[in-house]
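One structure is given here, and the rest of the page talks about it.
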Amino acid sequence: MTATEDFGARVEEHRRELHIHCYRMLGSFDEAEDLVQETLLRAWRRRDTLREESGLRAWLYRIATNACLDHLRAHPRRPQPRSAPAAADPGIEPPVSDAVPWLQPYPDALLDAADAAIERETIELAFLVTIQHLPPRQRAVLILRDVLGWSAQETAESLDLTVAAVKSALQRARPTLREHLPERRLEWGAVTEPTAEERAVLRRYMDAVERGDPSLLPGILRADVWQSMPPQPIWILGREAFVAGWTPAMVGPEAWGDWRLLPVRANRQLAAAAYLRRPGESRFSPCWMGILRVEDGLVSQITTYGDEVFPRFGLPAAL
C-alpha cells in the first residue's frame, strides 16, 4: 500500500463518526454527507500539516468543525417561530422550541456502525432542535466540550479561540439548553437501549395505528403530547386534539385503507415506519415514519417524516 493509499484508509476509518459530528452541527443528514466529503477533501489537501499520527482524530474533527462553520456562514438560518397549531387542546402550553424544518432523522444502524458510544440524550431530536437555536460557534463549543468531552484548551485550539472565549461561549450556550430542552434531558446519560416499558408503548402505538382505533390512544399519549411534521409547519398540540383527528372517517380503512407498521430506531429513539394498502391495491406502500419520545410510560412527542426517509433506513420498498 502506498503512503497515499495508507492515508486515505486511515482517514476513512473516521468517516461515520465525522458524519455524526457534522449531523449534530447542521441537523441535516444530507448536508452532513456533503460536509464529510468536504472534510476528507480538506484533510487530503492539508495532510502535510498533520504533526503526529496519534492526533489524527482530533485533527479531522477540527477540519470537520470548521467546514461546518464555513457552511453555516455561507448558508445562515435560524429556527422559525411556530405558527398556531393545526389543532390544540385549550389550556395546554405550547412547547418552547421553534420549528427546525431542515432537521432530518438519523438511523440507529448507522450510529451503531460508528463504533462509538452515542449517548441517547445527545442525538435525540429534542437535543438537535435545541442546539440549532445556538449561534454556530456556541454550538461548536458546546458539542466539543459537553458532548465529545474535549478540554477547554483542546476546544480553543480547534476553533482558533482563547480558552476564555471558549468558557464564555459555553456559559452562554448552556442557558439555551435549559430553556428549550425537556427538564429531564438536562442530565445526559449513556443509556442507548429502550426500556421494556418503552418497547411496550411502541407496540401499543403501532397496534392503534394498524387498527385505526382512536379509543386506544388516550392510554398511550400524555395530555400535553405534541406532534410535528418537518419540513411542513404543521403541528398538533394536546391529546384531545390528537385523538380528534383520529376518527374512523379520517384514518379508518374506509378513508385510507389498511396499515402495516414496522418498528424502527432513529436518533436512539423508538420509531415506526407506516405502510399503507389503499382499497383495490395488493401491496402496502411506504407512507410515513413516526419517531416517538416516551416519558413516564407515555408518548410525549411524535415527529413525523414522509416516506422519503425510508431508503436511508434500509426499509423495503413495499410489503
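The values are calculated or read from the model by the stated rules, or taken from the named source; none is laboratory data. None of these values were measured; they are calculated from a predicted model. For neighbour counting, all protein chains shown are included, and Cβ atoms are generated from backbone atoms with ideal geometry for every residue, glycine included.
Couple of notes before you dig in:
- Residue 174 being basic (Lys, Arg) and buried (at least 22 other Cβ atoms within 10 Å of the Cβ): no
- Residue satisfying all of: in the stretch 67-84; crowded, with 17+ Cβ neighbours inside 10 Å and at pLDDT 85 or above; nearest to residue 225 (Cα to Cα) among these: 79
- Residue match in the stretch 33-43 (condition: buried (at least 19 other Cβ atoms within 10 Å of the Cβ), modelled with pLDDT of 90 or more, assigned by TED's automatic domain parsing to the domain that holds residue 150 and over 19 Å from residue 6 (Cβ atoms)): yes
- With respect to being under 22 Å from residue 111 (Cβ atoms) and modelled with pLDDT of 95 or more, residue 142 fits the description.
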